[in-house]
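To keep things clear, I will list the structure first and then write my remarks on it.
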Amino acid sequence: MNYDIGQPIKHFLLVLGAIIVILPFYSMMSYSFQSQGEIETGKNSKGEKAGFLGTQEKIVDQFCFKSNTPEKEEVNSLMLKMPGKTEREVYNILLKDVTENCLKKPAYMNYTQAFTKAPLLRYLLNGVIVTASIFLLQVVVALPAAYALAKLRFVGREFIFTLVLLCLLIPIHAVALPLYIMLAKLGLTNSYAALIIPWTISVFGIFLMRQFFMTVPDDYIDAGRMDGMSEFSIIWRVMLPTAVPALLAFAIFSVVAHWNDYFWPRVVITGDPDLFTPPLGMRVFKQDTEGDLHGPMMAVAVTIVTPLIVAFLIAQKRFIEGITFSGMK
Amino acid sequence: MNSRIAHYWFVSPALVLMLLIFGIPIAIAIFLSFTDYSLGNKTFEFVGFENYFKIFTRSSYEKMWGATLRYVIVVVPLTVGLGLGAALLINSITRFSEIYKTIYFLPVMATLMAMAIVWQVMLHPTAGSINRLLSSGCEIDYIYNLFTLSFVGQEASESWYGSICNGNMPNWLGDKKYAIWVVCFVGVWQGFGFNMVLYLAGLTSVSRELYMAAEMDGAKSGWERFKLVTWPALGPTTVFVVTISFIKAFQVFDIVEAFYGFGSAGPSKSAYVMMFAIFEKGIKQNLIGVGAAISVIFLILVLSITLIQRFLVERKVHYS
């Protein structure tokens, strides 16, 4: 291969871009390990550079401290054991104890606060419930429809396919308001149903699976029919197994979109933290802490972002395929 | 016999849902956009085109158009341009291309709400790392001279960077001079990797022979080959990438909510984008007529962009 003078320049540009792209990921992780002071100044208490992991000097966890400040009874009961000391002195002894018990490494503190200041586990669980339900329902609705549109002959087939193509053009944001009104009229806002129902139909999924089924040879289906299978079991026992690669790509597309979606949960969930999805929980966490607890807030961000990023790093090719599937239209 | 009925059973759930989730809501939105309906009110009146009229004349909606158009006009060309640029660079290097691809795709996967909040922390006027970086450059002479343009004879203290070095740190999110552009920046940061992947897919279909033919025809420089072969061959990809970027740009919402949200749309509403307006008017203030009208306008915009795309595709795609 000839030496290409352009190569170093190209790498220089690409590295420059990569730094800007990675910067917030780096900061997010780094901040999630650091104390508020380190985040704000980039330096530790001795004035040295804090570094990626921070210096992990123990600091007093203010929440731990506040909730454990000595009560009157504790002071009184200890005074009985320590005759000769004044109330003030005993109080200070107890306070010192509490302070010592509440000394924590910033990394540990940030992550424990992330999980205790807000029901973060609940948010994650909601995220899993919502994304999994959406995907499963999408498949249950889309697969039979796609099969019928691809392989069965009936009156109105072309018309229905045209409808699918038409709906493909409509972004859900355009119908968000009327959908919200319909759900409100049914008393369904603030429920899992509200989070899931509008996404149960993926016209894109129908379109994608239909295109895929078109390529499946009719012999497979005929063989199934010869064996006395019903059309219904042909879908699930013949077509589904052939469609696994396409289905996987669609799963990635669907899961990524709905795990990260913020707009729709924001519209239909008002105030019930038990129903918050991770992005909504993140936004509310920021609001509740008035954006001041940067360390714990970044710990929440890391927790929400990590599952998909790790999955992506493990199966990059499939992810890029799945996400850009919409490019195949 | 049975299978005949089964055919309709298979499509009916999809059909019913399409009607419930797309058909009826669109009809409702169009209908309500001509009324002054509010949730909870028993009656409503037809107001004709008044809601639409407001959206195109009132000053509060002028802000909406200002913010939305600024965002779209900046973000679409930049995400498309950077996506294409990154794809061309990655396609032409001999090593590490997979690593760059992975890195540039990361923001597409990451929860935008979380990442926008990270950017906000980094852009904090006093405690943020970006301003810290900017001010640390003040002490290095050549950086100071370069950025204040004093090396071409500009008065250093009057320049933008000079005033930063004098202690006027930019308040990136709180100053209406910057707010919408920062929102744009995060939009570009998040979006161009997606376009890059689409362009990379498009590039694999450009045949080697075309390049050789171009070279024989005298297209020696890389730029000439790009003009003659790559760019025309990427035509269909570009049409698609531009369309999808437009539609996504009109939907921007998360970044504004992350930065301001819960009631505000930035300093002097300078980041009052369309989705935020639908949300604020339609859901928070219960002015459903107006919210519906904005929704309808949004739908018309998206549909017309798609129609233009279809038109271009019909005309241009076939030459390859």
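Key figures for this structure:
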quantity: Spherically averaged projected area in nm², based on the convex hull that wraps the Cα atoms of chain B; calculated: 26.2
quantity: Modelled FRET efficiency - R0 35 Å, B:Ser268 with A:Ser45, Cβ distances, 0.05 increments; calculated: 0.30
quantity: Over chain A: helical MRE at 222 nm, DSSP H runs n ≥ 4 each giving -39500 (n - 2.57), nearest 500; calculated: -22000 deg cm²/dmol
quantity: Rg followed by Dmax, in Å, when the stretch A:204-267 is reduced to its Cα trace; calculated: 15.7, 51
quantity: Sum of side-chain charges, A:Asp219 neighbourhood, beta-carbon under 14 Å (Lys, Arg +1; Asp, Glu -1); calculated: -1
quantity: Cα-centre dipole for the protein assembly as shown with unit charges at Cβ (Lys and Arg positive, Asp and Glu negative), debye to 20; calculated: 740
quantity: Principal axis dimensions, the stretch B:212-320 - Cα atoms, whole angstrom, descending; calculated: 66, 29, 16
quantity: Amide H within-cut-off set for A:Lys43, under 5 Å, with H built and near neighbours excluded; calculated: A:Ala50
quantity: Distribution of pairwise C-alpha distances over the stretch B:66-114, 10 Å bins, in %; calculated: 21, 39, 31, 8, 1
quantity: Neighbourhood net charge (13 Å Cβ-Cβ; Lys/Arg +1, Asp/Glu -1) for B:Met212; calculated: 0
quantity: Rounded to the nearest 10 Å², the accessible area of A:His173 at probe 1.4 Å; calculated: 30
quantity: Distance (nanometres) between label positions extended 7 Å along Cα→Cβ at A:Lys66 and A:Phe52; calculated: 3.4
quantity: Formal net charge of residues neighbouring B:Phe34 (Cβ-Cβ distance under 15 Å; K, R +1; D, E -1); calculated: -2
quantity: Nearest-20 debye value, chain A charge dipole, Cβ charges on Lys, Arg, Asp, Glu; calculated: 260
quantity: Taking all pairs of distinct alpha-carbon atoms in the stretch A:6-116, Kirkwood radius in angstrom; calculated: 17.3
quantity: D_trans [Stokes-Einstein, Kirkwood Rh over alpha-carbon pairs] for chain A, 25 °C, 0.890 mPa s, µm² s⁻¹; calculated: 100
quantity: Share of pairwise Cα separations in the stretch A:193-329, more than 26 Å, in percent; calculated: 44
quantity: Among B:Ile143, B:Gln120, B:Gly162 - extreme Cα towards positive end, dipole of the stretch B:91-212, charges at beta-carbon; calculated: B:Gln120
quantity: R0 of 30 Å, Cβ-Cβ distance A:Phe232-A:Leu166: FRET efficiency to nearest 0.05; calculated: 0.65
quantity: Ranked order, A:Val310, B:Val229 - accessible area, probe 1.4 Å, largest first; calculated: A:Val310, B:Val229
quantity: Sum of -39500 (n - 2.57) over DSSP H runs of 4+, divided by residues of chain B (222 nm, nearest 500); calculated: -20500 deg cm²/dmol
quantity: Debye log10 I(q)/I(0) at q = 0.19, 0.22, 0.32 Å⁻¹ for the stretch B:126-170, Cα point scatterers; calculated: -0.50, -0.65, -1.16
quantity: Compactness of the protein assembly as shown - radius of gyration and Dmax, Cα, Å; calculated: 28.5, 103
quantity: Neighbour count of at most 11 Cβ within 10 Å plus DSSP loop: longest GluC sites (Glu not before Pro)-free window in chain A; calculated: A:72-289
quantity: Dipole in debye (nearest 20) - the stretch A:101-212, about Cα centre, beta carbon charges: Lys, Arg +1; Asp, Glu -1; calculated: 280
quantity: Cα-projected label distance for B:Phe44 with A:Leu13, points at 7 Å along beta-carbon direction, nm; calculated: 5.2
quantity: Cysteines in chain A lacking a second Cys C-beta under 4.7 Å; calculated: A:Cys167
quantity: Residue (of A:Met282, A:Ser77, A:Leu149) at the positive-pole extreme of chain A, dipole from beta-carbon charges; calculated: A:Leu149
quantity: Chymotrypsin sites (Phe, Trp or Tyr not before Pro), loop per DSSP, at most 14 other Cβ atoms within 10 Å - longest free stretch of chain A; calculated: A:53-329
quantity: Cβ-isolated cysteines (cut-off 4.7 Å), chain B; calculated: B:Cys184
quantity: Angle between chain A longest axis and helix A:278-288 axis [Cα atoms, degrees, rounded to 10]; calculated: 30
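The values are calculated or read from the model by the stated rules, or taken from the named source; none is laboratory data. Remember, it's a predicted structure, so these values are computed and weren't measured experimentally. Every residue, glycine among them, receives a Cβ derived from its backbone with ideal geometry; neighbour counts consider all protein chains shown. In case anyone asks, the SASA skips ligands and DNA or RNA and just uses the protein heavy atoms, side chains included. Shrake-Rupley method; radii C 1.70, N 1.55, O 1.52, S 1.80 Å.
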